[in-house]
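> Okay, here's the structure, questions in a sec.
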């Protein structure tokens, strides 16, 4: 009984073996990056409009409630997908400039968690979250004042 029993390496025997791997720090960030690589990049048409992501129209409740005003995070998903496909200039200029920073943060979180088997310390996460939120609001304000272009709808 000195070895690891089958099914007991990461928890109870009644759970699938892979559940333990999903609970490891960094795996969630890695899955988001893989999803960004798996999703297709939205294409800009000749008229300057963008095909909706996966053919689904925008589901933004903020945009719906405000009569078409995009939310602070409008374009972040498309920006992250473009960065995951190596289209960084398109991500920053056409969709949202915070996308590359978000992908870098996800990569750092994934690498740190998988190497150390610990989540990033809160002394790093909390200031990073505040900076990210501040950047989202600054970009949104600049877009509201027409200093910075909105992403295509």
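Here, each number is a calculation from the coordinates, and none is a lab measurement. Bear in mind that the values here come from a model prediction, so they are computed numbers and not experimental data. Here the Cβ is made from the backbone with ideal geometry for all residues, glycine too, and neighbour counts use every protein chain on show.
> May I ask you to sort 27, 41, 103 by Cβ crowding, counting other Cβ atoms within 10 Å and putting the fewest first?
Ranking 27, 41, 103 by Cβ neighbours within 10 Å, fewest first, gives 27, 41, 103.
> For the range 23-144, what's the relative contact order in percent, using C-alpha pairs closer than 8 Å and at least 6 residues apart?
31 percent
> What order do you get for 78, 143 when you list them from fewest to most C-beta neighbours inside 10 Å?
The most exposed by this proxy come first: 143, 78.
> Rg to Rh ratio, the range 23-144, alpha-carbon atoms and Kirkwood radius?
Checking Rg against Rh, the ratio lands at 1.00.
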